[in-house]
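Report on one structure; see the data block that follows.
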Amino acid sequence: MLNKYPLWKYLLVLFVVLLGLFYAAPNLYAPDPALQITGENSAQLIDKKTLKRALKALEESDIEYFGETIDAQGRNALVRLRDPEQQLTAQARVSRALGDGFIVALNLAPTTPDWLSDYGAQPMKLGLDLSGGVHFKLEVDVDAAIERRMEYSVNATKRALREQRIRGFVTLNEQGKVESRFKTEALRDQARAIIAENSPELVLDRVDEADSWNLLATMSQQTRKEIADYSVTQNLTTLRNRVNELGVSEPLVQRQGQNYIVVELPGIQDTAEAKRILGKVANLEFRLVANLDAAPSEKQRFEYRSPDRAGSSEWLERDVIITGERVSNAQASFDQNGRPNVNISLDSEGGGLMSRATRNNIKRRMGVLFIERKYRTRYETQEDGTEIVVKVPYDEKKLLTAPVIQSALGAQFQITGLDNPLESSELALMLRAGALAAPISFVEERTVGPSLGAENIRMGVKSVQYGLALVVLFMVLYYRVFGIAAVVALTFNLVLLISFMSMLGATLTLPGIAGIVLTVGMAVDANVLIFSRIREEVVNGLSPQMAIHAGFERAVATILDANLTTLIVAVILYAVGTGPIKGFAVTLSIGILTSMFTAIMGTRALVNLFYGGRRVRKLSIGGRQS
């Protein structure tokens, strides 16, 4: 029988529509502005006492809150706020109340009901221009990178002179210059030739004193500029790797000015975790444990990081074998006793340095030094009575472990002595994503304009509504009953588009809304092609039922060709585009697929319900009727 779907096709269309309604429903529930509290490191837990201090700070500032919770693992606390305009004030008050050691981040807490979220239904992620996500501006401390390079030059100079058996005293003076002192002028000249060969980036000056012949090594301005540029570029790459580890969709990580990097994370749910991972300046240094009779100038004392060995310390040599920059891969694991560790793989240069250092020091101990950039918070009152927050950076250096070297190590080995699996996972992530070439500090953190984002959402929704209203008006007036079927199918097309974007975790941006508006027009195009073909068949003398059948069958090929070419363009846009362009491409691609389904199967199912299986003498399709 013409224009009658079998029951399974009607059920398929109904199932897809109901599924779309279910997974689109979470977008009706707007998220709450919230504060997320987490520890400075992954092993730190949030207890009820800590949460109570945070809530007291909010109460004293007359900031309304509700729904405070601590997650099952005790790693995060979430406090929902009534007013999004109070988020920044609330963050400042809670940060001061808790002090250093805690990260208080801005967040948006989902309000999706359990009956939806239990089945994986979540709202669409919104881009920064639609008020979702977080914006960080970070400053790269290039002076620290230059100082680190000078310290490396000191160690390299000592090593080169020691290998050539040239006695001298080498140190980094207060002006940041490598100062070398020798007892004779001949020794100085020999040392100068060796240093110039091993460290061509240094500018060497002879300085004579009453009882010594000295060399002052400084870094040229060109070299300083190159180090600064490398530090920012390397940190940019490292931060991108860390963002990828976080699994954020459509992030933006780009350089801004000379020493700044901007990171935008749209749709992220755990901003506290993002801030801790991005801002973590963690590195490793591998040094030999110093001999007891070593001179004080050749060794340094460090405490252990593990709580089990609190108060214990070791003397390490000042010379560094390798740093975390030589790590090419790192994976968290467990040793044969079930204790957490990290499996390390070094690059070729790092493997060679490690092998050379360990094969000559069998049965000696080697310390693994963990270096972490931290901040002390200080509050200063200005002359006008306003109070400002000052973050004073410092490097915390503590030992992870100091095992005995049983045999020469190569490019692969293990780091043990970690407290728990969370710590080993975080350390592996830091090393795997790459060491920061220079410390970074957060100079700006904000959710991108909640009022601006709300306005963008309002205008975006209004544009879709206006476009849809005009299309509905035209289709109903021009195509009548067939126009009503097209409008119903178009409405469900929007529902399916939103539901698929929600299921895929795609991020909706303003360009994405433009893609939705374009999808509305394209979906109607398909119906216009079908309806025009039906009218042509009626004019050519076919019966109404035959015209409907022929119109759908013969227009499908044209619709598929037109949509396929557009889909190819959307895929290319996604492949070569970035940020908002990708958002537009994703929305357009999904819209093409859903519009083909609703225009071909959805509209056909509705038309079949109207006209199928009965005698029809006239079609209400506008224009010339038969």
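What angle, in degrees between 0 and 90 and rounded to the nearest 10, separates the Cα long axis of helix 510-539 from the longest principal axis of the Cα atoms of the chain?
Taking the Cα atoms of the chain, the angle to 510-539 is about 30 degrees.
Nearest 500 deg cm²/dmol is fine: what mean residue ellipticity at 222 nm does the chain get from its DSSP H runs of n ≥ 4 alone, each adding -39,500 (n - 2.57), divided by its residue count?
After summing the helix terms and dividing by residue count, I get -15500 deg cm²/dmol.
Using only Cα atoms and rounding to the nearest 10 degrees, what angle (0 to 90) does helix 185-198 make with the longest principal axis of the chain?
In the chain, helix 185-198 runs at an angle near 20 degrees to the longest axis.
If you take the beta carbon distance between M459 and V389 as r and set R0 to 35 Å, what does 1/(1 + (r/R0)^6) give as a FRET efficiency, to the nearest 0.05?
So the FRET efficiency works out to roughly 0.50.
Would you tally the net charge around M601, using a Cβ to Cβ cut-off of less than 15 Å, leaving M601 out, and scoring K and R as +1, D and E as -1?
For residues surrounding M601, the net value is +2.
Write out the trypsin sites (Lys or Arg not before Pro) in region 304-391 meeting two conditions: DSSP loop, and at most 10 other Cβ atoms within 10 Å of their Cβ.
K363
Cα centroid distance between region 1-55 and region 329-371, in Å?
Between the Cα centre of region 1-55 and that of region 329-371, the gap is 43 Å.
Expressed as an acute angle from 0 to 90° and rounded to the nearest 10, what is the orientation of the C-alpha long axis of helix 580-596 relative to the principal long axis of the chain?
30 degrees
In what sequence, highest mean first, do 107-115, 8-16 appear when ranked by Cβ atoms within 10 angstrom?
Highest mean packing first, the order is 107-115, 8-16.
How large is the charge dipole for region 32-109, taken about the Cα centre, if only the Cβ atoms of Lys, Arg (+1) and Asp, Glu (-1) carry charge, to the nearest 20 debye?
The calculation lands at about 260 debye.
So, R0 is 45 Å and r is the distance between the beta-carbons of D308 and R356; what FRET efficiency does that work out to, to 0.05?
0.90
Please enumerate, by chain and number, the lysines with C-alpha under 25 Å from the C-alpha of K363, excluding those fewer than 8 residues away in the same chain.
By straight Cα distance, K363 reaches K158, K299, K397, K398.
Sticking with the crude label model, points 7 Å out along Cα→Cβ, report the distance from R339 to S532 in nm, one decimal please.
It is 7.6 nm.
Defining a contact as two alpha carbons under 8 Å apart and six or more residues distant in sequence, what relative contact order in percent does the chain show?
Worked out over the chain, it gives 17 percent.
If you take the beta carbon distance between Q190 and V576 as r and set R0 to 45 Å, what does 1/(1 + (r/R0)^6) give as a FRET efficiency, to the nearest 0.05?
Given R0 = 45 Å and the Cβ-Cβ separation, E is 0.20.
Report, for the chain, the % of DSSP beta bridges that are antiparallel, rounded to 5.
About 95 percent, rounded to the nearest 5.
In what order do S199, S153, S424 fall by count of nearby beta-carbon atoms within 10 Å, going from fewest to most?
The most exposed by this proxy come first: S199, S153, S424.
Given K137/K582; K125/K374; K9/K582, which pairs have Cα atoms separated by over 27 Å?
Going by Cα-Cα distance, K125/K374; K9/K582 fall outside the 27 Å limit.
Could you give me D for region 143-223, from Stokes-Einstein at 4 °C and 1.567 mPa s, where the hydrodynamic radius is the Kirkwood radius over C-alpha pairs? Units µm² s⁻¹, please.
D, rounded to a whole number, is 103 µm²/s.
The numbers here are math on the coordinates, done by the rules we state, and not lab data. Quick caveat, the model's predicted, so the values are computed rather than measured. Cβ: placed from backbone, ideal geometry, glycine included. Neighbour counts: every protein chain shown.
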